[in-house]
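**Q** Just dropping this structure here.
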Amino acid sequence: MDAWEELVTSALLGTDRRPPALATRPGTAAGGAPVALLDAAALHTVRRRAGLRPGPAAPAPEPAPEDHRAPLPEAARRRLGQLLAGRAAPAPSGGRRGAAPDLAELLPQWLATANEHGYKAPASALPALLDAARARTDLRPQALTLAGPRGLWLARFNPDWKFALRGAGGSTTLPDVRDGEAVEALWEEGLFAERVALLASVRAEDPEAGLALLRSTWVVERAEDRLMFLDSLRAGLSGADEEFLEGALSDRSRNVRSTAAELLSALPGSALAGRMAGRATSCVSLDRTEGGATIVVEAPHECDAGMERDGVVAVPPTGRGERSWWLGRIVESAPLSCWPARFGGRSPEEIVTLPVADGWEGELHAAWCRAAVRQRDADWSRALLGAPTAPPATGPGTSSLAERAKLLSTLPHEERAQWVAAFIAAHGLSEAFQLLGVCTVPWSGPLGGAVIDALDIARDAGSYPWSFSGVMGLAERCLAPEAATQLESLTALTTDPEDASPGAGGYWSEAFQRLVSTLRLRAQMQTELAPLAE
């Protein structure tokens with residue numbers, strides 16, 4: 001060992017500064033000390049390896065658990081290998097994507113479809129599947145579902161895959177929610193991630209049983225844990241949760257109190273909603289003294305103890321006025337059903353078109369938007385959205401595209417798609433990206449047609465396709481595969497108009513070719529994943 005350390009020291013410092021005391025073999029004189037050092041290192045390496053004693057064998061790992069789900073069809077198995085390999089492929093040079101489909105962007109959809117059919121991943125694909133989930137957090141839920149218990153078993157042997165164990169609470173499976181003894185044991189003794197997953201599972205199956213489970217240990221939980229557990233009550237939220245949530249309004253943690261108040265305000269029949277309705281209607285009223293009906297607002301002058309207990313934070317964020325902040329928190333928590341009576345029996349459509357005095361319209365309408373989303377009230381959402389053909393800045397509720405997307409999410413799927421299709425037809429694609437993101441996939445025929453027509457118009461206008469890269473990426477994932485036939489005619493190379501950007505026609509042709517090939521590949525993937533007829 002001393003001789004080996006001497007060699008290492010000479011190699012690090014250099015043979016000129018630390019010449020090793022070595023007996024050189026014949027033929028190394030010409031190379032001098034450096035060659036002699038390498039010869040000695042090689043000799044010592046062989047000697048050390050030859051004299052190494054084998055260590056005791058480690059205990060064999062427990063066998064991988066069985067996965068009784070159906071195996072992938074052979075064509076789908078090969079496709080998974082291609083998608084996982086495409087994920088790691090280098091990006092095209094020059095920034096151009098080319099006409100070939102982007103396999104990495106098709107992987108999430110493939111995983112979702114495979115899981116819908118109840119398939120399991122082949123054992124040979126598990127390492128690449130876990131690597132893909134490690135690189136992209138959006139893939140993790142679907143990838144881990146496909147990987148199943150064997151994927152979690154494998155993840156224990158590679159520190160790079162420890163995220164999988166965190167997501168599953170370190171356990172391969174949760175107990176059957178009907179097995180009360182096993183559920184109670186895991187709830188009492190499990191890790192935090194296991195308990196969160198267990199509560200969500202029980203809550204989805206039996207909301208009342210989930211609430212009872214949470215009640216059993218609520219007073220001894222840490223504040224940050226109480227907050228996470230309380231958030232699990234959003235699934236299956238009902239009046240049966242009101243008593244527990246009312247108690248949580250007195251919690252030591254401000255975040256817990258705030259979340260409890262938010263959940264209670266989503267129950268229009270709750271006592272908190274009634275208290276907020278009283279406060280809101282005392283602040284907002286109808287004035288007819290000027291000949292026409294006008295909404296007048298008298299925002300609160302203080303945030304009293306009762307308001308704070310009901311979730312109104314006394315200190316507003318930086319840049320917000322106290323009174324407008326308090327008003328917004330009150331109105332968004334009040335049940336929307338209190339307003340028609342307050343405004344003479346008017347409908348939501350009529351209420352949102354009333355003028356609001358003294359510049360309070362923006363704050364009031366924004367609070368109504370938040371209330372409509374929280375209470376999932378489609379009638380108020382329609383009123384606040386207004387006609388899709390109206391310019392966004394002149395709409396009755398909000399010009400914010402983020403707020404409009406949230407309002408749209410409360411509407412039935414078909415109505416949502418029709419509204420967005422009409423919006424695109426009237427205003428084009430430049431402001432439609434967030435709205436398209438809340439539409440059901442695959443897009444309906446009218447919505448898909450509106451997107452294709454708008455892309456065609458943008459091409460004729462001579463702009464570059466990457467100005468619409470976000471929408472084009474959505475179209476590749478969300479258009480119905482049948483739309484490839486409609487798009488076929490757009491793949492032809494066209495002559496650029498005189499005022500067009502140079503080379504725009506070629507770029508558009510390439511983009512439409514990629515869109516068509518992606519849609520056809522998606523159709524083929526669906527066929528490959530279809531269960532074999534028995």
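**Q** Considering (1) open to solvent by 20 Å² or more (accessible area, probe 1.4 Å); (2) at pLDDT below 85; (3) in contact with a helix residue (DSSP H, G or I) (Cβ under 8 Å, 6 or more places away or on another chain), say which one PRO465 fails and leave the rest.
**A** (1)
**Q** Has region 263-283 got any residue that is open to solvent by 10 Å² or more (accessible area, probe 1.4 Å) and of a type in the set (Val, Ile, Thr)? Before you say what the answer is, go through the steps one by one.
**A** Within region 263-283, the first condition is being open to solvent by 10 Å² or more (accessible area, probe 1.4 Å), and the residues that meet it are 266-269, 271, 274-275, 277-279, 281-283.
Filter once more, keeping what is of a type in the set (Val, Ile, Thr): 281.
Yes, region 263-283 contains a residue that is open to solvent by 10 Å² or more (accessible area, probe 1.4 Å) and of a type in the set (Val, Ile, Thr).
**Q** For region 40-74, how many residues meet the condition of being assigned to a helix (DSSP H, G or I) and either under 50 Å from the mean Cα position of the chain (by Cα) or without any contact (Cβ under 8 Å) to a residue 40 or more places away in the chain (or both)?
**A** So the answer is 10.
**Q** Which of the helices (runs of 4 or more DSSP H) found entirely inside region 85-155 contain at least 2 residues meeting this: modelled with pLDDT of 95 or more and within 23 Å of ARG514 (Cα to Cα)? Before the answer, list the steps.
**A** Working: elements: 103-116, 126-135, 140-155.
Where helices (runs of 4 or more DSSP H) fall fully within region 85-155 and carry at least 2 residues being modelled with pLDDT of 95 or more and within 23 Å of ARG514 (Cα to Cα), they are 103-116.
**Q** Additional query: In region 398-424, what count of residues is obtained for those that are surrounded by fewer than 18 Cβ atoms within 10 Å (Cβ to Cβ), closer than 19 Å to PHE468 by Cα and modelled with pLDDT of 95 or more?
**A** Residues flagged as surrounded by fewer than 18 Cβ atoms within 10 Å (Cβ to Cβ), closer than 19 Å to PHE468 by Cα and modelled with pLDDT of 95 or more within region 398-424 amount to 1.
**Q** What single numbered condition from (1) at pLDDT 85 or above; (2) open to solvent by less than 70 Å² (accessible area, probe 1.4 Å) fails to hold for GLN526?
**A** Condition (2) is where GLN526 drops out.
**Q** Looking only at region 158-172, decide whether some residue is among the aliphatic types (A, V, I, L, M), open to solvent by 40 Å² or more (accessible area, probe 1.4 Å) and touching a helix residue (DSSP H, G or I) at 6+ places or on another chain (Cβ under 6 Å). Break it down into steps so the answer makes sense when it comes.
**A** Going through region 158-172, the residues among the aliphatic types (A, V, I, L, M) turn out to be 164-165, 168.
Among the residues that remain, those that are also open to solvent by 40 Å² or more (accessible area, probe 1.4 Å) are: 165.
With the extra rule that they be touching a helix residue (DSSP H, G or I) at 6+ places or on another chain (Cβ under 6 Å), the set shrinks to 165.
There is at least one residue in region 158-172 that is among the aliphatic types (A, V, I, L, M), open to solvent by 40 Å² or more (accessible area, probe 1.4 Å) and touching a helix residue (DSSP H, G or I) at 6+ places or on another chain (Cβ under 6 Å).
**Q** While we're looking at this one, here's another question. Here are some conditions: (1) out of contact with any helix residue (DSSP H, G or I) (no Cβ under 8 Å at 6 or more places or on another chain); (2) farther than 29 Å from GLU242 by Cβ; (3) of a type in the set (D, E, K, R); (4) not in a loop (DSSP other than H, G, I, E, B). ARG320 meets all but one. Which one does it not meet?
**A** Among (1) out of contact with any helix residue (DSSP H, G or I) (no Cβ under 8 Å at 6 or more places or on another chain); (2) farther than 29 Å from GLU242 by Cβ; (3) of a type in the set (D, E, K, R); (4) not in a loop (DSSP other than H, G, I, E, B), ARG320 violates only (4).
**Q** With respect to ALA280, is the statement that it is modelled with pLDDT of 90 or more, assigned to a helix (DSSP H, G or I) and closer than 30 Å to GLU350 by Cα true?
**A** Numbers: modelled with pLDDT of 90 or more: yes; assigned to a helix (DSSP H, G or I): yes; closer than 30 Å to GLU350 by Cα: yes.
The answer is yes for ALA280.
**Q** OK, next. Starting from region 517-529, keep only residues that are free of Cβ contacts under 8 Å to residues at least 60 places away in the same chain and more than 20 Å from ALA121 (Cβ to Cβ), then list their pairs with residues that are assigned to a helix (DSSP H, G or I) and among the aliphatic types (A, V, I, L, M) whose Cβ atoms are within a distance under 8 Å, requiring at least 6 positions of separation or different chains.
**A** Qualifying pairs under 8 Å: LEU519/ALA483; LEU519/ALA484; LEU519/LEU487; ARG520/ALA484; ALA523/ALA484.
**Q** Return the residue satisfying two criteria in turn: it lies in region 488-498 and is open to solvent by 20 Å² or more (accessible area, probe 1.4 Å) and part of a helix (DSSP H, G or I), and of such residues it is nearest to SER409 (Cα to Cα).
**A** Our first condition is that a residue be open to solvent by 20 Å² or more (accessible area, probe 1.4 Å); within region 488-498, this holds for 488-489, 491-498.
Applying the additional criterion that residues be part of a helix (DSSP H, G or I) yields 488-489, 491.
Details: GLU488: 32, SER489: 33, THR491: 33 Å.
Selected residue: GLU488.
**Q** Out of ARG252, ARG226, I need the residue that is assigned to a loop (DSSP other than H, G, I, E, B), charged (D, E, K, R), within 29 Å of VAL373 (Cα to Cα) and touching a residue at least 12 places away in the same chain (Cβ under 8 Å). Which one? I'd like the intermediate steps shown before the answer.
**A** Details: ARG226 fails: assigned to a loop (DSSP other than H, G, I, E, B).
None of the other options fit; the residue is ARG252.
**Q** Then there is this: In region 174-217, how many are of a type outside the set (A, V, I, L, M), assigned to a helix (DSSP H, G or I) and open to solvent by 30 Å² or more (accessible area, probe 1.4 Å)?
**A** Quick first cut of region 174-217, residues of a type outside the set (A, V, I, L, M) only: 175-176, 178-181, 184, 187-190, 192, 194-195, 201, 203, 205-208, 210, 215-217.
Remaining after also requiring assigned to a helix (DSSP H, G or I): 180-181, 184, 187-189, 192, 194-195, 201, 203, 205, 207-208, 210, 215-217.
This time we only want the ones that are open to solvent by 30 Å² or more (accessible area, probe 1.4 Å), so: 180-181, 184, 188-189, 192, 201, 205, 207-208, 215-216.
Here the count works out to 12.
**Q** Only residues that are open to solvent by less than 100 Å² (accessible area, probe 1.4 Å) and either farther than 29 Å from LEU106 by Cα or in contact with a helix residue (DSSP H, G or I) (Cβ under 7 Å, 6 or more places away or on another chain) (or both): list them for region 58-71, please. Lay out the reasoning, then the answer.
**A** Filtering region 58-71 for residues open to solvent by less than 100 Å² (accessible area, probe 1.4 Å) gives 58, 60-61, 64-65, 67, 69-71.
Scanning region 58-71 gives ALA58, ALA60, PRO61, ALA64, PRO65, ASP67, ARG69.
**Q** Would you say ILE330 is out of contact with any Gly (no Cβ under 7 Å at 6 or more places or on another chain), more than 30 Å from ARG252 (Cα to Cα) and among the β-branched types (Val, Ile, Thr)?
**A** Numbers: out of contact with any Gly (no Cβ under 7 Å at 6 or more places or on another chain): yes; more than 30 Å from ARG252 (Cα to Cα): no; among the β-branched types (Val, Ile, Thr): yes.
Against the criterion (out of contact with any Gly (no Cβ under 7 Å at 6 or more places or on another chain), more than 30 Å from ARG252 (Cα to Cα) and among the β-branched types (Val, Ile, Thr)), ILE330 does not qualify.
**Q** For region 369-487, which fully contained helices (runs of 4 or more DSSP H) count at least 2 residues that are in contact (Cβ under 8 Å) with a residue 12 or more places away in the chain and in contact with a Phe, Trp or Tyr (Cβ under 7 Å, 6 or more places away or on another chain)?
**A** Values: elements: 378-385, 401-408, 413-427, 433-436, 445-460, 469-478, 484-487.
The qualifying helices (runs of 4 or more DSSP H) are 378-385, 445-460, 469-478.
**Q** Please work out which residue is farthest from LYS406 (Cα to Cα), limiting yourself to region 314-346 and to residues that are touching a residue at least 24 places away in the same chain (Cβ under 8 Å) and open to solvent by 40 Å² or more (accessible area, probe 1.4 Å).
**A** Per the stated criteria, the residue is GLY344.
**Q** Another one. Would you check which residues across region 235-252 are farther than 13 Å from ARG309 by Cβ and surrounded by 16 or more Cβ atoms within 10 Å (Cβ to Cβ) and list them?
**A** GLY236, LEU237, ASP241, GLU242, PHE244
The values are calculated or read from the model by the stated rules, or taken from the named source; none is laboratory data. From a predicted model like this one, the values you see are computed outputs, not experimental measurements. As a convention, Cβ positions derive from the backbone with ideal geometry for all residues, glycine included, and neighbour counts pool all protein chains shown. SASA here: full protein model, heavy atoms, side chains in, ligands and nucleic acids out. Shrake-Rupley method; radii C 1.70, N 1.55, O 1.52, S 1.80 Å.
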